[in-house]
Amino acid sequence: MPHGGDAIEDKMMKRLILVLIISLVLVPGISDAHRMLMGYKVNELQLKVFYDDGTPAQDVNIEVYSDGKPYADGVTDGEGSYLFRPKDNTTGDITFVSSSAGHRAELALNLAEKKESEELSIPMKIAAGFGYLLGIAGLAMIYISKKSQKV
């Protein structure tokens, strides 16, 4: 015949196992359900060239450099705009130089895609998952322990 303490311990173990099973079933669905990734690709870049008084710089020569080497050139339109369409493999530093009758301006951009990822490696994901489960199990044990002390 089980003692009163044995029945409570048995009941606590059943609850703990139930909590762990529910956690194992629900955790993978929750952790992957709302994951979203985002990337970018620059298809075209519109430059606006203007003088310090706000007047559009019309018919100004634009030189484009990729990693310090000449890449493309063109001329601004009547509104001071220049449309740049990089080739698919263009990455790195892009510098635009506008020049006209003693005026010069430069704009440097970095089109390089960052290889650094905020995503964890597989072993780190596994370790994080175990840590998460151990945390839930610890909380469940504390809860059950506190509840059994009240009885």
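Annotations for the structure displayed:
- Evaluation of residue 124 against (1) in a strand (DSSP E or B); (2) modelled with pLDDT under 85 (one fails), failing number: (1)
- The listed residue being at pLDDT below 85, among the basic types (Lys, Arg) and within 37 Å of the chain's Cα centre (by Cα), out of 48, 41, 11: 41
- Condition check for residue 112: surrounded by 11 or more Cβ atoms within 10 Å (Cβ to Cβ) and either over 30 Å from residue 52 (Cβ atoms) or modelled with pLDDT under 85 (or both): yes
- Where a residue in segment 55-70 is free of Cβ contacts under 8 Å to residues at least 24 places away in the same chain and its partner, wherever it lies, is assigned to a loop (DSSP other than H, G, I, E, B) and surrounded by fewer than 17 Cβ atoms within 10 Å (Cβ to Cβ), with Cβ under 6 Å and at least six apart: 58/78
- Just one of the listed residues (54, 78, 74) is modelled with pLDDT of 80 or more, within 21 Å of residue 110 (Cα to Cα) and in the same structural domain as residue 102 (by TED's automatic domain parsing), and it is 74.
- Residue 30 vs. criteria among the β-branched types (Val, Ile, Thr), closer than 25 Å to residue 129 by Cβ, loosely packed, with under 13 Cβ neighbours inside 10 Å and at pLDDT 80 or above: no
The values are calculated or read from the model by the stated rules, or taken from the named source; none is laboratory data. On a predicted model such as this, the values are computed, not experimentally measured, just so you know. Cβ sites come from the backbone with ideal geometry, for glycine too, and all protein chains shown count toward neighbours.
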